[in-house]
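The values are calculated or read from the model by the stated rules, or taken from the named source; none is laboratory data. Values in this document were obtained by computation on a predicted structure and should not be read as measured data. Neighbour counts are summed over all protein chains in view; Cβ atoms, including those assigned to glycine, are modelled from backbone coordinates with ideal geometry. Please note that ligands, DNA and RNA were not included when accessible areas were found on the heavy atoms of the full protein model with its side chains. Shrake-Rupley method; radii C 1.70, N 1.55, O 1.52, S 1.80 Å.
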Amino acid sequence: MNKFSSSGYTFYKTRAFTLIELAIVIVIIGMIAAFALPRFSDLTEQAELAQAEGVAGALKSGALTVKALFRSQGHSVRVQDLAGYGDGTIDTNNIGYPIGIDKGNGNENVGRNDSGCVGVWNGVLVDAPSVAHNNNNQQYRSYRHTGNKICSYVYRGSGDNGNQNSGLLVIKYDSRDGSVVVCGQRSDLPSC
């Protein structure tokens, strides 16, 4: 900055950016954005996967805890309202894995109807992400399938409207052996 005085006033001569300098700055910002945006997209997908893997781990841990409690109480047939787990409303199959809440006396299918997988989700998980069986307005949508023994929870946060076979990111619970896997149609996941 150059300083000069006139009539008792001090003036500063400033230098402004030239059009070429501004164009170069805009090009540099554009190049940074071109490299950053795809990376940001990858981070979003990684965060969604990490969240689903965390929920799947909690679901698996909960199912194993229910089975351990079932065994420790000496049960050998399915139990309605297993005492000592959560609020005491979880029901189990004959080997001790959760099959829902309010199952009633009957078979070992998950739940009494399609909402049975919602009962497993909310009965086993603490502070579970939202789930519904009949709409796509929650974080996950549940599907009961494979002889009503398996629950699939399709992640809806990314706008995916797929089902248990075509969803991009799915948490799958099998009440026959307590297994929980994360699968889907994404390239970084095994197919369901």
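Quick notes
Rundown of residues vs (1) open to solvent by less than 60 Å² (accessible area, probe 1.4 Å); (2) within 21 Å of residue 122 (Cβ to Cβ), yes/no style:
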site: 25; (1), (2): no, no
site: 35; (1), (2): no, no
site: 57; (1), (2): yes, yes
site: 64; (1), (2): no, yes
site: 99; (1), (2): yes, yes
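- Complete set of residues in the range 105-122 that are open to solvent by 20 Å² or more (accessible area, probe 1.4 Å), of a type outside the set (Ser, Thr, Tyr) and under 15 Å from residue 140 (Cα atoms): 114, 118, 122
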